[in-house]
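See below for the structure under consideration.
The values are calculated or read from the model by the stated rules, or taken from the named source; none is laboratory data. Remember, predicted model here, so these are calculated numbers, not experimental data. Here Cβ is always computed from backbone atoms with ideal geometry, including for glycine, and neighbour counts include all displayed protein chains. To get the accessible areas, we keep the full protein, side chains included, count just its heavy atoms, and leave off ligands, DNA and RNA. Shrake-Rupley method; radii C 1.70, N 1.55, O 1.52, S 1.80 Å.
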Amino acid sequence: MSRFRRALKNKQLVIGMIIAIVIVVLGIVGPAVFGDYSKQDLLRGHKPVGTPGDFFGTDALGRSLAARATYGIRISLFVAISVTGLAMVVGTIIGLIAGYVKGLVDGVISLLIDFIWGFPLILVAVLAAASIGSGLLPVILAVGLVNTVAIARVVRGEVLGISEKDFVVAAKAGGYSTMRILTKHVAPNVIPVALVLSSYYVAVAIIAEAALSFVGLGAQAPLPSLGQMVSEGRNYMRLNHWESTIPGVIIFAMVLSVSLIGDGLRDLLDPRLRTALERARAK
Amino acid sequence: MGSQHHQDDAVRAASDLVDSYQNGRISRRQFGKGLIGLGIGATAASVIVVACGGSSSKTKATTAAGATENTTAGTPKVGGTLREGYNRDISKLDPITTNWYDPAFSAIYETIVTDDPDGKTVAQFAKSFTVSADGLTYTFEIPEGRVSHSGGVMGAKQIAEVLTTIKEKSFIGGVSTVPMDGYSVDGNNVVLKMKNAWLGALNPHKTGYWGLLNIDTWNKAGGTDPKSTYGTASTDGTGPFTFGEWVPGSHCLVNRWDKYPGSNTPYITNKGKAYLDAIRWNVITEAGQRATQIEGGELDTLIGPSYADLERLKGNKKLTVIQHPEWSGFQLSMNRDYPEYFGDVETRQGLSHAINRQGLVDAILFGNGDATYGPFPKTDRQYEPKVEQFNQFDIAKAKDLLAKAGWTAGSDGVLTRNGKRFEFAAVVEDETVQKLIAEAVTQQFKEVGVVSKFEVVDRAVAFEKESGAGQKAAPMSLFFWLWPVPLDILVIFSSSETIPVPNFSHVKDDKIDAAVAEWRKSGTPDAAQAASSNFQLLWAETLPYIPLMNQYATFVHQNYVKGWQPFVWLLYPVYNDVWMDK
Amino acid sequence: MRSLLKTVVLTFLLLLASSLAVFAAIRLSGGDVTAARLPASATAADRQLFRHQMGLDQPILKQYATYLGKLFKGDLGNSLTNSAKISTLAVEKIKNSLILGATSMLLVFGIGIPLGMIAALKRNSWFDTGITSASVAGMAVPNFWLALIAIYFFSTRLGWLPSAGQGGIKYLVLPAFVLSAEGIALTVRMTRSAMLDNLNQDFVRTLRAAGLSERRIYFKHVLRNSLLPIISLAGLRVGQIVGYALVVETIFGWPGVGQSLVNAVLRRDYPVVQFFSLLLVLVVTLGNLAASIGYTLANPKLRK
Amino acid sequence: MTDEPLLDIRDLSIGLRGDGVGYDIVRNVSMSLYPKEILAIVGESGCGKSLTALSVLALHASPPLHITSGSIMYDGRDLTKVSASQMRAVRGAEIAMVFQDPMSALDPMFTAGTLLTSAVQAHHKVRYDVAKSRALEALADAGIEDPRRRFGEYPFQLSGGVSQRVMIALALINDPKVIIADEPTTALDVTVQAQILDRLKELRAERGMSIILITHNLGVVASVADRMVVMYTGEVVESGMVEEVLATPQHPYTKGLLGAVPRLNSDAATLVPIMGRVPQPNELPPGCSLPIVAAESSMSAGPIARILRYMVTP
């Protein structure tokens, strides 16, 4: 209860959660409420927000901006959350192994991790698109790889610190199996860090998906990705800026909400973890 | 006498109609209807109008005041760099190996003949030219003492060699299939011998692909080798400007050639070297930015602003907007190597009737274009208006035809025939207008239960995907073709000789082949018109391709730019007359 | 210093490995130039001959070795799209990207560090709140959208700055700011928290007790300590700039490596993709290396 | 010893303000430092002794800590009321401090020499070479054997003992009248502790300085200090000459402290721990600070208890 109350007192967390809930709800019910995102009406193109009959405006082909944007949220959330979630699981396991086993295994893993971590997600995604072609797949692969590595890196660092701690040393001395020590003693201490970090990587993933779609290497038309909507809308900034404003604001709000949630969770955490997070999120 | 009188009335009526259309009082559609109402085809009307001293294809120039400005008025000033915005990336500046040509071609190169603003063929590099009475021999008189930019001699021998090289080695030279025996030298003349008389013989020669260059320089730089530096690091033409710099994706710069002896072309008023010091084409692929840049004074001239910005540009007092219809257009190929989809005519017609062409023109081009129902745009001299009986937007008819072809809707609404769903992949070039058309068409097909999935690719990749043999080619592609004379080029899109390129639909149809052959043999205007009408109607009915629309070419210049006059017969402005009053 | 040498050697090896990975990915992914170079009508035998001539039938490692060999001789091959020599293209593009990238790096640190310092110094003031909120927003706003907004206001509406293209300094302003926006926000944040952290360190009290002026403590001691984490992550800033340059150059029509790479990927112009991606991998790697060298040099503990 | 105190702290209270809390951590503390004497302030961690010392040079974290009442008289001035620049002139030049943990109290990015010369130049407009020679002197004065070498070394290269000597050099360098040493030996091992304390005593003799020595180690007090002040929960509970206080402690807390000191001649088993913990100021019943040793045995609960247990158990 006290933890919950403390969370409620954290403004960043509360605001972030509210925005996130609104966006998730929009992504879930939006397409049902606003109808078919591909339905066009060529005579009703470029309508601004507030037009009777097309309250949230339309794009060049008279398609509902609201229907498209909410469907875009779905795509974005799918890529960002599911892939980062997977990355968290894999990254945590790799980090646990590297940090705990040490030696050559750790040497090789951490060398690779450090190397890949230095690469910007967008470059990796573009290279992926160059080798397997445009679409959501290269974005998913790139987000998966970079986020796995990023999480593994931090988890490894945490594990290195924790495995020096008395309770782990004691557990080792007590003859517990490595598996048991990792799962019962080490993992519970690093998973919160991995979780909070993931929220930042979700933000990175949302931006990467949008940016890739914006330049035409991500989601392909007529699938309405937010980045692609911004890209299509930019030709009509003067005519009807909503075509790029609506998806633009949504991307902004999504990234902002996850960042705020991340910051809020970080503040709720042990200050010892804060430094680690602060450094890790510098990415 | 009576009949003469009747014709005068018709001429006046047509002339008024053309006038109304040109001044924007009536729409293209009304114009077309008006012509039909008068009982004359557009082709006839344009002939009449030309006879009257007007021109149906005259370029429209509007300023904010609504007045048409004489853009060549005043005493030319020498100097300055013209900054021209261009909506495409600039291809390499080699006429022979490029598959697309850009405005810099008309600054660097001259062609042997060209079109004048009235569409009449006139000499450009040649001093003069003649056609034999049987239409089998074209003789071009080559001026003496002309050299290329590098100083190389450009005599009859050299010119014949260039033309032969173009004919034999260039991709475009190959597909243009002019029925010719070849070029030869006769003293100061270059002689073109035809296999049979054909009205279209000179048309390819007016395009940038036939730009005259110094063949020795070209060979030395590497010829057709992909590693050739010709057109990327240097060029060697005879035009008023020389190669300066070419940075793909960014810009291209040419400088005045001070040894330019002046133009032979009658309508070019500047008979000496160019006024401008240099011209720089800036590649601006972002549609919205093109208008912003010319409004901001960062550009002097602009080719192809976004249609979304057009009204605003027309309202700008500092700018002049010039528009004319493009010969080129948008078509949908239907690969016959997939007969399960496109093998029968009812299916093709069903798909075609599902398309709301006027809607596309209105929504995507903001009305700056025409729906097309046959292969040619309405502005073409030999346009056959009867094609408009076909391919009108009619969902019910579309559904009927598809049902007649044996397609039945499945539980999810998607049509199925013999267990095969009507669902196929398609290809579209990565360009704003084409992408939007593809998205719109996808949805329109969906309305009749057909699922198309367009993949957006670059122009080069699209070409690759369109041109694959057999099942390797995409089942459908949306493409925009570029050529100032559709008659010459569209026939080969459907000829069985040109599978897989550029007959992207892989059509093998005896009737169409016969129509093409007939057209290639037409030596007189009447024969040409008859062959052309036959071909157009056949195309519109049997649909080797689904015609969509053509767009208006749009040009914008600052009012201080003089002599920059793009006209309908050429793709790009001519630069020798251009000067800036600032 | 020894560990630095190790880092350099390892980085070089990893660079080589990753360049091979990029090479192989592009080659194996159907990035066979045959289809692009030969006309569609070419026969299977023609294709086989072409592949042999181009060395495409060799094992990938051998092809890679050949490629590297040519690379070191300065033969980068030709673009498939316009046949231009890549070495000719590259010079101009690299120059442009360097101008934009270096300006952005300057902005990231030249603006980010001072703003972060002021925010830390005046913590909890309206200025601090403003800067901190702006940096949160700055990290969340997608830069391609920021670019559109910036173009809309500064070029389209106000007409102050050109929206695209190249020319004088004024052409550089918008792309450089958009490219560096997120980096500035992050640097502000990091600087602020590092400054605040260090202000609470024991050594600050010692210096105060010795009678040093606040200004000297702040600008010499606290700043120098706070720069360490900023330097250690400067490599990431390089990476970030490189990554975002792919998008930002495209929007502003800035003819640099990023724009060329994206276009080449869209066009499947593999020789260009190959060279420019290797180049960017190199830049990112060198950026990280430079940052770790900088960190070593700035940190007395590692320097000795 | 004259009767005139060099430094006179009167009724000093320091409060914590902010975030809806407000209470005094140090209450009505008075103590005087006379010329050439070593005054020890004794008490457990958290009793306010360091805070009192820090407040002399206004080095307490402010905000959230504020001096709420009282005065600190030095050289005819009330240091609680001087301006920031006047205070800066006092720091290091008149009153210097030596801190507890030398490893973290020295700026890791600068050499010992830079720190020392900066300290000189903060008070005197002298050339660098002058400052440098003073720094070398100070290092020698602080008992460092190879001053030239140490001058160019970074804190991480110095051992704990040497670091603390550098700190002392830093305190000595501007020849102050008072040195406040806040647990200067806690972080050091025993032999080094003795050397440092001896050095402080010598300095007092050589230079005639006054020293305030903050410690919780009564052994140190007994061997070094002249007078002592015992603080408990933010208040002074006992003060007087060292011999007297140690011989006849009046206050139960002082007695408790004495009982907790291991003696060489006694059996380890007789070591008496002080039960419980120092109550937090906000936990004290109003007006009373005498549940002196709250014999609290609930050490198994609460985070602080956990930390304590962690610290107590080996």
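If you plug each phi of the stretch D:36-48 into the Karplus form 6.51 cos²θ - 1.76 cosθ + 1.60 with θ = phi - 60°, what whole-Hz ³J(HN,Hα) values come out, in order, with x for Gly and Pro?
6, 10, 10, 9, 9, 10, 10, x, 6, 4, x, 8, x
Quick check: the distance between the Cα centres of the stretch B:369-384 and the stretch C:106-145, to the nearest angstrom?
After rounding, the separation between the Cα centres reads 59 Å.
Straight distance only, please: which aspartates and glutamates reach the Cα of residue B:386 with their own Cα at less than 19 Å, same-chain residues fewer than 8 apart left out?
Within reach: B:370, B:394, B:526, B:541.
Enter the accessible area per residue of the stretch D:19-73 (Å², integer; probe 1.4 Å; all protein chains in place).
On a per-residue basis, 37 Å².
To the nearest 20 debye, what is the magnitude of the charge dipole of the protein assembly as shown about its Cα centre, counting +1 on the Cβ of each Lys and Arg and -1 on the Cβ of each Asp and Glu?
Details: 140 positive and 127 negative charges, 383 e Å.
That gives a dipole near 1840 debye.
Considering only DSSP beta bridges with both partners in the stretch B:327-552, what is the antiparallel share in %, to the nearest 5?
Among the beta bridges of the stretch B:327-552, antiparallel pairing accounts for roughly 60 percent.
With solvent modelled as a 1.4 Å probe, how much accessible area in total do chains C and B shield from it at their shared surface, in Å² to the nearest 100?
Details: alone 16830 and 22680 Å², together 37230 Å².
Chains C and B together bury approximately 2300 Å².
At a probe radius of 1.4 Å, figure out the D/C buried accessible area, summed over both chains, and give it in Å² to the nearest 100.
So the buried area, both faces added, is about 2200 Å².
If I model a spin label at residue C:169 and residue B:397 as a point 7 Å from the Cα along the Cα→Cβ vector, what separation in nanometres do I get?
That separation, rounded to one decimal, is 6.5 nm.
What shape does the stretch B:143-196 take by its C-alpha gyration tensor, where a ≥ b ≥ c are the square roots of the eigenvalues and a/c under 1.5 counts as rounded, a/b above b/c as prolate, and the rest as oblate?
oblate
Return the subset of B:169/B:435; A:47/B:399; D:132/D:177; A:47/B:378 for which the Cα-Cα distance in this structure is over 26 Å, preserving the input order. Walk me through the numbers on the way to the answer.
Working: B:169/B:435 33 Å; A:47/B:399 31 Å; D:132/D:177 22 Å; A:47/B:378 31 Å.
Violating the 26 Å limit, Cα to Cα: B:169/B:435; A:47/B:399; A:47/B:378.
Identify, among B:476, B:377, B:457, the residue whose Cα sits farthest towards the positive end of the charge dipole of the stretch B:327-552, taking +1 on the Cβ of Lys and Arg and -1 on the Cβ of Asp and Glu, with the dipole about the Cα centre.
Of the candidates, B:476 comes out farthest on the positive side.
At R0 = 25 Å, how high is the FRET efficiency between residue D:83 and residue D:137 if r is their beta carbon distance? Nearest 0.05 is fine.
About 0.20, to the nearest 0.05.
Using a Förster distance of 35 Å, how high is the FRET efficiency between residue A:176 and residue A:11, based on the Cβ-Cβ distance and rounded to 0.05?
Once the sixth-power term is evaluated, E becomes 0.25.
At a Cα cut-off below 12 Å, give the aspartates and glutamates reachable from residue A:11, other chains included and same-chain residues fewer than 8 away excluded.
Partners found: A:263, A:267.
Using Cα centres only, tell me the gap between the stretch B:452-513 and the stretch A:101-136 in whole Å.
Going from one Cα centre to the other spans 41 Å.
Mind checking the angle between helix A:83-101 and chain A's longest principal axis? C-alpha axes, 0 to 90 degrees, to the nearest 10.
20
Per residue, how much accessible area does the stretch C:251-304 show when a 1.4 Å probe rolls over the protein heavy atoms, in square angstrom?
Result: 29 Å² of accessible area for each residue.
Residues of the stretch D:106-122 losing 50 Å² or more of accessible surface, assembly versus chain alone, probe 1.4 Å, please list them.
D:107, D:109, D:110, D:118
Before anything else, pin down the relative contact order of chain A: Cα pairs under 8 Å, at least 6 apart, normalised by residue count, whole percent.
25
Looking only at C:253, C:159, C:101, which one moves most when chain C is put into a Gaussian network model with springs between Cα atoms under 10 Å?
Comparing C:253, C:159, C:101 in the GNM, the peak value goes to C:159.
Rank A:71, D:179, B:410 by how far each Cα sits towards the positive end of the charge dipole of the protein assembly as shown (+1 on Lys, Arg Cβ; -1 on Asp, Glu Cβ) and give me just the farthest.
D:179
Under the definition of partner shielding as Cβ atoms of other protein chains within 10 Å of a residue Cβ, what is the mean value for peptide C:286-293?
1
Nearest 10 degrees is fine. How inclined is helix B:2-22 to the longest principal axis of chain B, computing both from alpha carbons?
Long axis of B:2-22 versus the principal axis of chain B: about 90 degrees.
Give me the distance between the Cα centres of the stretch D:216-244 and the stretch A:44-82, rounded to whole Å.
The stretch D:216-244 and the stretch A:44-82 have Cα centres separated by 76 Å.
Shape call for chain C from the C-alpha gyration tensor, a ≥ b ≥ c root eigenvalues: rounded (a/c under 1.5), prolate (a/b greater than b/c) or oblate? Intermediate values should be presented prior to the final figure.
Values: a/c = 3.43, a/b = 1.73, b/c = 1.98.
It is oblate, given that a/c is not under 1.5 and a/b is not larger than b/c.
Measure nothing but the geometry: give the 0 to 90° angle between the long axis through the Cα atoms of B:28-37 and the longest principal axis through the Cα atoms of chain B, rounded to 10°.
80
For chain C, what is the relative contact order in percent, using Cα pairs closer than 8 Å and at least 6 residues apart in sequence? Don't skip to the answer; put the middle values down first.
Working: 316 pairs, mean separation 76.6, N = 304.
Value for chain C: 25 percent.
Quick check on chain B: take the gyration tensor over C-alpha atoms, sort the square-rooted eigenvalues as a ≥ b ≥ c, and tell me if it's rounded (a/c under 1.5), prolate or oblate.
On the way: a/c = 1.45, a/b = 1.37, b/c = 1.06.
Because its axes are fairly even, with a/c under 1.5, chain B counts as rounded.
With a 1.4 Å probe and every protein chain kept in, tell me what percent of the accessible surface of the protein assembly as shown is carbon plus sulfur.
Of the solvent-accessible surface of the protein assembly as shown, carbon and sulfur hold 59 percent.
Using a Cα-Cα cut-off of under 18 Å, which lysines could be cross-linked to residue B:120, ignoring same-chain neighbours fewer than 8 residues away?
Straight-distance partners of residue B:120: B:58, B:206.
So for the pair residue D:198, residue C:65, with labels modelled 7 Å out along Cα→Cβ, what separation do we get in nm?
7.2
Which one of C:212, C:199, C:280 has the biggest mean-square fluctuation once chain C is modelled by GNM with Cα springs under 10 Å?
Between C:212, C:199, C:280, it is C:212 that shows the largest mean-square fluctuation.
With r defined as the distance between the Cβ atoms of residue B:447 and residue B:120 and R0 fixed at 51 Å, what FRET efficiency is calculated, to the nearest 0.05?
Values: r = 46 Å, r/R0 = 0.91.
Computed FRET efficiency for residue B:447 and residue B:120: 0.65.
Quantify how strongly other chains surround peptide A:134-145 by giving the mean number of their Cβ atoms within 10 Å of each of its Cβ atoms.
Counting Cβ atoms of other protein chains within 10 Å of each residue's Cβ and averaging gives 1.
Return the residues of the stretch D:148-176 for which accessible area with all protein chains present is lower than in the chain on its own by 50 Å² or more; set the probe to 1.4 Å and exclude ligands, DNA and RNA.
Listed by number, the residues meeting the 50 Å² cut-off are D:154, D:156.
Over chain B, give the accessible area per residue in Å² for a 1.4 Å probe, as an integer.
36
Summed for both chains, how many Å² of accessible area, to the nearest 100, are buried between C and A with a 1.4 Å probe? List each step's numbers first, then the result.
Details: alone 16830 and 14110 Å², together 27010 Å².
The contact between A and C buries close to 3900 Å².
For chain C, with a Gaussian network of springs between Cα atoms less than 10 Å apart, report the residue from C:164, C:176, C:185 with the top mean-square fluctuation.
C:164
When DSSP beta bridges are limited to those with both residues in the stretch D:89-238, what percentage is antiparallel, rounded to the nearest 5?
25
Suppose we keep just the DSSP beta bridges with both residues in the protein assembly as shown; what percent of those would be antiparallel, to 5? If you can, show how the numbers build up before the last one.
Details: 90 of 129 bridges.
Roughly 70 percent of the beta bridges in the protein assembly as shown run antiparallel, per DSSP.
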